[in-house]
Amino acid sequence: MPVVLTPLDDALIERLLAVAVADATPEEVMPPVDGPAGWTPARQEFFRAFHRERSPGLAGPLRTVMYAVHADDDLVGMIRLTLEHDEAETGMWLARAARGRGLAAPALLALLEQAQRAGARTVSAETTPGNRAAQATLSRCGAVLDHQGDKVYARLELDA
């Protein structure tokens with residue numbers, strides 16, 4: 001199943017929000033927002049603003065590009081790349097229905113290609129000890145994992 005990354009624009013942000021609301025929790029897809037649990041109007045607006053703020057991509061002030069993850073023709077999640085000099089950081093989420101289908105590793109490998117093209121020499125990621133799927137994906141893609149308390153740090157070295 002081919003995985004394609006597409007930089008987010010306003011239309012994709014709305015589609016991605018619909019996927020998130022239907023098939024993920026706010027905590028899985030964005031930073032915390034105060035208030036009652038669930039996809040409140042305030043959380044949905046924060047989701048839009050958070051993603052739009054990063055729309056300028058690597059050339060923008062946040063030096064972050066966010067990609068929609070497509071499997072076949074379905075929008076299934078998001079992966080991002082933040083670049084600081086020659087070091088990059090990434091994070092990803094997939095809708096529940098897309099998990100366990102072998103999509104995370106191809107999405108991460110495609111992102112690593114983008115990172116290398118942008119001049120990154122290393123890419124880091126962070127997850128939790130309980131997120132075995134993320135750890136397995138990172139390891140499969142060549143990351144060295146470092147378990148430190150309630151965090152697992154991953155580091156991928158890119159070929160020059």
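Coordinate-derived values only; no laboratory data. Source: prediction; values computed, not measured. So basically every Cβ, Gly included, is an ideal-geometry build from the backbone, and we count neighbours across all protein chains shown.
By DSSP, what percent of the beta bridges with both residues in the chain are antiparallel, rounded to the nearest 5?
Bridges in the chain that DSSP calls antiparallel: roughly 90 percent.
By how many nm would the segment from residue 144 to residue 105 grow when fully extended, if each residue of separation counts as 0.36 nm and the alpha-carbon distance is taken off? Before the final figure, lay out the partial values.
Working: separation 39, 0.36 × 39 = 14.04 nm, distance 1.49 nm.
Length gained between residue 144 and residue 105: 12.5 nm.
Rank 34, 72, 146 by mean-square fluctuation in a GNM of the chain with C-alpha springs under 10 angstrom and give only the top-ranked residue.
Per the Cα network of the chain with a 10 Å cutoff, 34 tops the list.
Dividing the alpha-carbon Rg of the chain by 2.2 N^0.38 Å yields what?
1.00
Just to be sure I understand: with springs between alpha-carbon atoms less than 10 Å apart, which residue in 92, 78, 30 has the highest mean-square fluctuation in the Gaussian network model of the chain?
So, out of 92, 78, 30, the one fluctuating most is 30.
At 0.692 mPa s and 37 °C, plugging the Kirkwood radius over alpha-carbon pairs of the stretch 91-160 into Stokes-Einstein gives what diffusion coefficient in µm²/s?
Taking Rh from Cα pairs, D becomes 262 µm²/s.
Restricting things to Cα coordinates, could you compute the convex hull volume per residue of the stretch 1-88 in Å³?
Hull volume normalised by residue count: 107 Å³.
Show that you can apply the helix-only estimate: for the chain, add -39,500 (n - 2.57) for every DSSP H stretch of four or more residues, divide by all residues, and state [θ] at 222 nm to the nearest 500.
Computed ellipticity for the chain at 222 nm equals -10000 deg cm²/dmol.
Most exposed first by the Cβ proxy, i.e. fewest other Cβ within 10 Å, how do 62, 12 rank?
Ascending Cβ contact count within 10 Å gives the list 62, 12.
From Cα pairs below 8 angstrom and at least 6 apart in sequence, can you work out the relative contact order of the stretch 73-144, rounded to a whole percent?
Details: 71 pairs, mean separation 24.0, N = 72.
After rounding, I find 33 percent.
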